[in-house]
Amino acid sequence: MTKTRKLTEIAVAVAMAVVCSFIKVWEMPQGGSVALTMVPILLIAIRSGWVAGCACGAIYGVLSLLIAGVVYHPMSILLDYVLAFGLLGLAGLFKKNLSGLITGCTVGVAGRFASSLVSGAVLFAEYAPEGQNPWIYSLVYQATYMVPEFIISVAILVLLFLKARRLFEK
């Protein structure tokens, strides 16, 4: 694959992720939603490798931040946007078979989850109800939207893998 083609595919995936971010099934009050945003980023990671996937995710994170236009804490720029979505690219570390796809998606989303978990517990602890551990609050908050989005994303990618395998080949 040429460098130009890879950059073009990353750009198209970022654009698709931005469009998907506007189609929300569920939106949380302090940020986060169930959408199909992760599908194009995970697809690029699986198709082109972890470096391309991390770049795609980080670029999407920056665009998502610019679209949202709200920064509650300077570290949230890194933890909630650039790093969180960039870590989705870890899905590209695994083989291009069905078990590698599922494992890769799990690892990539776990990376995003971990970044958001730290952000929620450290930067947004004041949103936790009085007396509740901010780590538990953040864990439950992040899981509320990220687990359903993970399940939907993996289901879509598995269906694409089984029905349109050429999408996963360079």
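The values are calculated or read from the model by the stated rules, or taken from the named source; none is laboratory data. Bear in mind the structure is a predicted one, so any value in this text is a computation, not a measurement. Here the Cβ is made from the backbone with ideal geometry for all residues, glycine too, and neighbour counts use every protein chain on show.
Descriptive notes on the structure:
- Evaluation of F168 against the conditions (1) buried (at least 18 other Cβ atoms within 10 Å of the Cβ); (2) farther than 20 Å from S21 by Cβ shows that the sole unmet condition is (1).
- Residue in region 26-45 that is surrounded by fewer than 17 Cβ atoms within 10 Å (Cβ to Cβ) and farther than 23 Å from L117 by Cβ present: no
- Residue in region 6-25 that is farthest from Y141 (Cα to Cα), counting only those that are aliphatic (A, V, I, L, M) and crowded, with 18+ Cβ neighbours inside 10 Å: I10
- Residues (under 17 Å from S33 (Cβ atoms), in contact (Cβ under 8 Å) with a residue 24 or more places away in the chain and out of contact with any strand residue (DSSP E or B) (no Cβ under 6 Å at 6 or more places or on another chain)) located in region 118-153: S119, F124, Y127, Y141, Q142, A143, T144, M146, F150, I152, S153
- Among the residues of this structure, F161 counts as one that is surrounded by 13 or more Cβ atoms within 10 Å (Cβ to Cβ) and more than 23 Å from V82 (Cβ to Cβ).
- Of everything listed in (1) within 16 Å of P40 (Cα to Cα); (2) loosely packed, with under 14 Cβ neighbours inside 10 Å; (3) modelled with pLDDT under 95, the single unmet condition for I151 is (3).
- Residue in region 4-14 that is basic (K, R) and farther than 28 Å from E126 by Cα present: yes
- Any hit, region 59-66, residues being surrounded by fewer than 16 Cβ atoms within 10 Å (Cβ to Cβ) and out of contact with any helix residue (DSSP H, G or I) (no Cβ under 9 Å at 6 or more places or on another chain): yes
- Total residues in region 126-143, condition in a helix (DSSP H, G or I) and over 30 Å from F168 (Cβ atoms): 10
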